[in-house]
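The values are calculated or read from the model by the stated rules, or taken from the named source; none is laboratory data. Predicted model only: the values in this text are computed from it and were never measured. Positions of Cβ are generated from backbone atoms using ideal geometry, with glycine treated the same way; all protein chains shown enter the neighbour counts. For accessibility, only protein heavy atoms count, side chains too; no ligands or nucleic acids. Shrake-Rupley method; radii C 1.70, N 1.55, O 1.52, S 1.80 Å.
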Amino acid sequence: PAPRGGGPGKPHLLLAQSLEVSPAPGPPAVGSQRGDLESSTRFQDQFEVLERHTQWGLDLLDRYVKFVKERTEVEQAYAKQLRSLVKKYLPKRPAKDDPESKFSQQQSFVQILQEVNDFAGQRELVAENLSVRVCLELAKYSQEMKQERKMHFQEGRRAQQQLESGFKQLENSKRKFERDCREAEKAAQTAERLDQDINATKADVEKAKQQAHLRSHMAEESKNEYAAQLQRFNRDQSHFYFSQMPQIFDKLQDMDERRAAHLGAGYGLLSEAELQVVPIIAKCLEGMKVAADAVDAKNDSQVLIELHKSGFARPGDVEFEDFSQPMNRVPSDSSLGTPSDGRPELRGSGRSRAKRWPFGKKNKVGAGALSPLGGPLPSALPNGPPSPRSGLDPLAILSEISKSVKPRLASFRSLRGSRGTVVTEDFSHLPPEQQRKRLQQQLEERNRELQKEVDQREALKKMKDVYEKTPQMGDPASLEPRITETLNNIERLKLEVQKYEAWLAEAESRVLSNRGDSLGRHTRPPDPPASAPPDSSSSNNSGSQDPKESSEEPLSEEGQDAPIYTEFDEDFEEESASPIGHCVAIYHFEGSSEGTISMAEGEDLSLMEEDKGDGWTRVRRKQGGEGYVPTSYLRVTLN
């Protein structure tokens, strides 16, 4: 390898074998000039090799930048799809309102979704690092390399053009020297011939000698000019091959090596961006494993039991009935179109539709309540005989019932318009255990709100004291409306806490009572619920009365007589509803109170309304007639 201008020992792409340089000046030879031309051509070939190689290196750099850019787009699309997937499967409701969030299976699934979301964030971080540290930096560096490469090759081509121009001048001087030498030789031969010719005049001989001398002098000048041009060309050529071009090649080599090193560093950034997120991704995977291990099947079963535990008493054993003995079945008073003494209905036979007692739960009264006519209300014993009729005139009874019906008409019609469950503030529409839990939740929420208001009141008081001590900070009177509002909120929340505490105590006592009844039953059918059926006008030997319902006017037993109520069937007739299931009576039941219906053991009934938590279910008999029976006396199947 030929040494560079900076010193020997470091090879470069220009080979010494391809260069033939005449280091010393002197008369040129034809072979030497031909060698110079060939060396220039071979140098041109090597220069084109360098040009192709450096262009390939820059193209490779651009290809890698494009590859990383597309890789970044893939990572961003992957992260976006992962986030969309997580959003699709995350619960839509808050955890406190979603009962499924209490199960460890659901909690683990949500945790896995969160870990996948974090994993998507790490993919976005990889895309961002690649975009900033690789795409942008390498693209900028590629532009710088292209400008530097262009400058170096322009410098090399300019030096090559100068060398070629000197070579052309050398060729011109050589051809002139060659031409002058031939003419000088020819002139010398002519002068010698005339000198030997006896017929030539002395003037012709002198003229020929002068011409030969002139041509010889011109040839000598051409020789000197050619020698000077050759020395200049050899000097330029030596500078070109040993100094100028090696420096350009050194610059191109350094440029290409820096480009290769920078590209290698870019290759390393690709793996480095991945290695930076590996610890966090490992934590995400570890979190998924922890979530998988957190699934507790037994705990989920216990959570399900706690969520849906009703608190109802368990049914007792089935009673043996001896069919060999005559059975004294008392007819039910629940059919509003049939009088209790067995008289036929006064209305036409073409309209035999099931009726419901027009007055709801609000008409329950205690045993000592008075009838609308001022007399004591006879007690109705469960499974007992119907109450005797009053001896009053039917017109007077009709007048009194009309007075009691009018104020209740609106509430009854509002009841007709509602087919679903009526949600009450004390959650009495729920089973006892669920009612207790909901009341406990409401009580805790009210206590938290109360504590928040108390803390706010204390903060306002402290702020007011500060304003009073330093008036420039604010007006103490401006805080009075907020303090008053806070005190009002505290009083309101205290009343609500007391209300929910009373309801909670009642619900807990009911749950404990149901548990005791369930343990106390052995071989007898379960007792009907302590509360009256929803449509009953009197309770079953119950002296308790709902405070909300005590303001309603009680009805006398004469209100049970069907001939009187048939006059109001058009006003209080409920629209016929399709059954929501069917049920089978597992015990015999004599419906003697208002709103109930009798049924025999094994009788098939249509389910019209589910139990609302009070222990009563509304059914319809196949023979006609609709009323309430104890839920524990039925085996229910929903449609």
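Scanning the range 208-247 for residues that are over 23 Å from residue 171 (Cβ atoms) and surrounded by 15 or more Cβ atoms within 10 Å (Cβ to Cβ) turns up 208, 209, 211, 212, 216, 246, 247.
Yes or no, residue by residue, for (1) small (Gly, Ala, Ser); (2) under 20 Å from residue 432 (Cα atoms); (3) at pLDDT 85 or above; (4) part of a helix (DSSP H, G or I):
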residue	(1), (2), (3), (4)
545	no, yes, no, no
612	no, yes, no, no
617	no, yes, yes, no
620	no, no, yes, no
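Cβ separations smaller than 8 Å between residues 6+ apart or across chains give the following pairs from the range 494-509 residues that are closer than 19 Å to residue 429 by Cβ to residues that are assigned to a helix (DSSP H, G or I) and among the hydrophobic types (A, V, I, L, M, F, W, C): 500/439; 500/443; 503/439; 504/439; 504/443; 507/439.
Just to be sure, is residue 287 out of contact with any helix residue (DSSP H, G or I) (no Cβ under 8 Å at 6 or more places or on another chain), in a helix (DSSP H, G or I) and either at pLDDT 90 or above or among the hydroxyl-bearing types (Ser, Thr, Tyr) (or both)? Criteria not met by residue 287.
Quick check on residue 426: is it charged (D, E, K, R), outside any helix (DSSP H, G or I) and either open to solvent by less than 40 Å² (accessible area, probe 1.4 Å) or at pLDDT 80 or above (or both)? For residue 426, the condition - charged (D, E, K, R), outside any helix (DSSP H, G or I) and either open to solvent by less than 40 Å² (accessible area, probe 1.4 Å) or at pLDDT 80 or above (or both) - is met. Take the conditions (1) outside any helix (DSSP H, G or I); (2) open to solvent by less than 40 Å² (accessible area, probe 1.4 Å); residue 199 misses just one of them, which is (2). The numbered conditions (1) within 52 Å of the chain's Cα centre (by Cα); (2) farther than 30 Å from residue 303 by Cα; (3) touching a residue at least 40 places away in the same chain (Cβ under 8 Å) are all true for residue 180 except (1). At pLDDT 90 or above, open to solvent by 70 Å² or more (accessible area, probe 1.4 Å), within 30 Å of residue 59 (Cβ to Cβ) and not acidic (Asp, Glu): does that describe residue 154? Yes, satisfied.
Every residue, every condition in (1) in contact with a Ser or Thr (Cβ under 9 Å, 6 or more places away or on another chain); (2) among the polar types (S, T, N, Q); (3) modelled with pLDDT of 50 or more, yes or no:
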| residue | (1), (2), (3) |
| --- | --- |
| 48 | no, no, yes |
| 84 | no, yes, yes |
| 92 | no, no, yes |
| 101 | no, yes, yes |
| 106 | no, yes, yes |
| 110 | yes, no, yes |
| 116 | no, no, yes |
